[in-house]
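Inspection log for the structure reproduced underneath, given as structure tokens.
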Amino acid sequence: MEKNHHQVLKQQQETPSSLSSQNHNKEIITSDRLKRDEWSEGAVSSLLEAYEAKWALRNRAKLKGQDWEEVAQHVSGRAGGSKSAKTQTQCKNKIESMKKRYRSESAAADGSSWPLYSRLDLLLRGNHGRPAAAAAAANPPSVVVEELPSDSRGADCGDRVAKIGESIRWVAEVVVRSEQARLETMKEIERMRAEADAKRGEMDLKRTEIIANTQLQIAKLFAKGSV
């Protein structure tokens, strides 16, 4: 009985210390999470740079998981280890957050003083209100090539370069196919126009022949009547 009483007293003495330790650990975890969610001006610029390049290569379609992973690697690599590494989820959430703020700033009647507004406007709408596709054609995005440390594995670098090359080749093929289709359409229109002109000429010729034959028949009738 006395032994159980001592154990209860010992647990009561240890409980405040244990709770204090748990609270301290929670504070550390929260602090670390806040540090990871911090975005410096340079990190935001690197994020937009990588996102713009990937978005252009995807023909303005949604980025996939591998794309976001490479964007996060680019942002973390530019930080040079001075800041906490960014995850693909953090990068995606940051882009969505900036898009939401851009829409909110665009709806404001008195304009926007947000420093990133013009860059988001160029990304989402294009130069001077032109469609973004036309703006991208006039100002093609530069391909982002991340500077890798000298001790990085060559295989990873080769894979990333190969993926970028495949994306560029795909865009080039789409442009070539579109141009070929446009030329074929123009040729078909010209052919149809030439056929229509030829048919119109034939109809004019037949109409002239009919009128000439009619006038000849009328002249013959008048000649017979006068005899």
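The values are calculated or read from the model by the stated rules, or taken from the named source; none is laboratory data. Here the structure is a predicted model, which is why all the values come from computation and not from measurement. Heads up, the Cβs are rebuilt from the backbone with ideal geometry, glycines too, and the neighbour counts pull from every protein chain shown. Surface accessibility is based on the protein's heavy atoms, side chains included, excluding ligands, DNA and RNA. Shrake-Rupley method; radii C 1.70, N 1.55, O 1.52, S 1.80 Å.
Over 26 Å between Cα atoms, which of Lys163/Lys187; Lys100/Lys163; Lys54/Lys100 qualify?
Details: Lys163/Lys187 36 Å; Lys100/Lys163 30 Å; Lys54/Lys100 20 Å.
From the list (Lys163/Lys187; Lys100/Lys163; Lys54/Lys100), the Cα-Cα distance tops 26 Å for Lys163/Lys187; Lys100/Lys163.
Pop out the carbon and sulfur fraction of the accessible area of the range 167-227 as a percent, whole number, probe 1.4 Å. Could the numbers behind the result be given before it?
On the way: 3590 of 5610 Å².
That fraction is 64 percent.
For Phe222 and Arg58 in one chain, what is 0.36 nm times their gap in residues minus the Cα-Cα distance, to one decimal in nm? Don't skip to the end; give the middle numbers.
On the way: separation 164, 0.36 × 164 = 59.04 nm, distance 8.16 nm.
The span from Phe222 to Arg58 would gain 50.9 nm if fully extended.
Stretched out fully, how many nm does the piece from Glu38 to Leu122 gain, at 0.36 nm a residue minus the Cα gap?
27.8 nm
Using +1 on the beta carbon of Lys and Arg, -1 on that of Asp and Glu, and nothing else charged, what's the dipole of the range 163-227 about the Cα centre, debye to 20?
On the way: 13 positive and 11 negative charges, 61 e Å.
It works out to roughly 300 debye.
Can you tell me how much longer the chain between Val161 and Ser104 gets when fully stretched, taken as 0.36 nm per residue apart minus their C-alpha distance, in nm with one decimal?
On the way: separation 57, 0.36 × 57 = 20.52 nm, distance 3.72 nm.
In short, 16.8 nm is gained.
Over the range 44-107, give the accessible area per residue in Å² for a 1.4 Å probe, as an integer.
Details: 3390 Å² over 64 residues.
Here the per-residue accessible area is 53 Å².
Return the sequence-ordered ³J(HN,Hα) values of the range 177-190 in whole Hz as given by the Karplus equation 6.51 cos²θ - 1.76 cosθ + 1.60 applied to θ = phi - 60°, using x for Gly and Pro.
4, 5, 5, 5, 5, 5, 5, 5, 5, 5, 5, 5, 5, 4
For Trp114, list long-range residues whose amide hydrogen, built 1.01 Å from N in the peptide plane, is under 5 Å from its own amide hydrogen.
Those lying under 5 Å, H to H, from Trp114: there are none.
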